[in-house]
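Following: one structure in structure tokens, then a few remarks.
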Amino acid sequence: MLTEQECRAVAEALLQAEKTRIPIPQPSRAHPQMEIADAYRIQDFWAEGRIAQGASVVGHKIGLTSRAMQMASRITEPDYGRILDDAFFRDGARIAAGTFIKPRLEVELAFIMGEDLSGPHVQIYDVMRAAEFVLPALEVIDYRTQVPRDIVDTIADNAAFGAIIVGGRPIRPWDVDIRWVGATLSQNGVIEESGVSAAVMGHPAAGLAWLVRKLHAVGAGLKKGQIVLSGSFTRPVDISSGDVIQVNYGRLGAIGVSFA
């Protein structure tokens with residue numbers, strides 16, 4: 001375990017890396033005794049620093065929801081991070097690619113909470129009752145640490161969250177079988193990725209149920225009005241300045257975004 005002083009020092013280094021866009025050495029190399037609980041504590045201090053700079057936490061992201069990614073990271077469950085209001089974009093946005101270090105894009109669904117949700121035994125049906133809307137979303141993932149990374153490095157780095165982009169047609173959770181929402185991602189006119197939302201733990205609401213149970217363990221939960229990224233159902237696609245992205249979600253509409 002790390003001391004509070006060590007956790008705060010890592011959080012400060014991550015804040016500096018985000019500002020300068022220069023990745024730092026992996027915290028796990030300087031602190032080989034670092035545990036997952038330490039990583040989330042570092043994330044807490046990082047969030048406090050971003051809030052002190054004027055940002056607000058508007059929700060959560062869930063990462064590493066696929067079995068393949070968990071095996072690659074040598075873990076048996078997902079991870080989570082915070083979504084900040086100053087990293088929130090909408091359909092049609094033109095985003096400065098230089099905002100990030102090495103951005104990649106993932107295709108997801110986002111849940112908008114219609115009521116608070118907490119507790120140690122939350123299941124998929126509880127999430128479906130508590131969520132007001134589901135809508136198409138993209139996540140820009142970005143790392144502020146060097147490679148190769150351990151899972152604790154990723155968690156401390158706010159689970160590699162870079163930005164969120166939302167668009168398309170919001171639906172109520174029961175309007176369609178959200179397990180079978182499909183999407184294709186086109187980059188500069190070429191389809192690069194496709195997937196279906198059941199790839200996220202069998203049901204995209206399963207990730208939220210897991211998240212609520214994890215947050216309960218630290219005395220927290222989801223709040224009415226928060227947005228939650230449920231996890232990617234495509235592989236990450238590298239993006240750079242000049243890219244034009246179009247993601248088609250079928251009956252849920254589309255998201256178009258460009259990077260300058």
*Can you pull out the residues in the range 5-60 that are part of a helix (DSSP H, G or I), free of Cβ contacts under 8 Å to residues at least 60 places away in the same chain and small (G, A, S)?*
A9, A13, A30, A37, G49, A52
*asked:* Checking A131 against (1) among the aliphatic types (A, V, I, L, M); (2) out of contact with any Pro (no Cβ under 7 Å at 6 or more places or on another chain); (3) farther than 23 Å from G49 by Cα: exactly one of these is not met. Which one?
replied: (2)
*asked:* Pull out all pairs, ordered by first then second residue, where Cβ-Cβ is under 6 Å, the residues are six or more apart or on different chains, the first lies in the range 137-158 and is without any contact (Cβ under 8 Å) to a residue 60 or more places away in the chain and closer than 29 Å to V244 by Cα, and the second is of a type in the set (A, V, I, L, M, F, W, C) and surrounded by 21 or more Cβ atoms within 10 Å (Cβ to Cβ).
replied: D142/F100
*Is it true that R129 is in contact with a His (Cβ under 6 Å, 6 or more places away or on another chain), more than 22 Å from A260 (Cβ to Cβ) and either among the hydrophobic types (A, V, I, L, M, F, W, C) or surrounded by fewer than 23 Cβ atoms within 10 Å (Cβ to Cβ) (or both)?*
no
*Residue check for V122: surrounded by 19 or more Cβ atoms within 10 Å (Cβ to Cβ) and in a loop (DSSP other than H, G, I, E, B)*: yes
*Restricting the range 170-190 to residues that are among the β-branched types (V, I, T) and out of contact with any Leu (no Cβ under 7 Å at 6 or more places or on another chain), which is nearest to I255 (Cα to Cα)?*
T184
*Say whether the condition of being small (G, A, S), in a loop (DSSP other than H, G, I, E, B) and within 16 Å of T184 (Cβ to Cβ) is met by at least one residue in the range 224-242.*
yes
*the range 83-106, residues that are assigned to a strand (DSSP E or B) and either aliphatic (A, V, I, L, M) or under 24 Å from I24 (Cα atoms) (or both)*: I83, L84, I95, R104, L105, E106
_Is it the case, given these coordinates, that L2 is hydrophobic (A, V, I, L, M, F, W, C), surrounded by 13 or more Cβ atoms within 10 Å (Cβ to Cβ) and not in a loop (DSSP other than H, G, I, E, B)?_
no
*Within the range 1-20, which residues are more than 15 Å from D44 (Cβ to Cβ) and among the basic types (K, R)?*
K19
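Bear in mind that the values in this text are calculations on the coordinates, not laboratory data. The shown structure was predicted, so the numbers you read here are calculated from the model rather than taken from an experiment. So basically every Cβ, Gly included, is an ideal-geometry build from the backbone, and we count neighbours across all protein chains shown.
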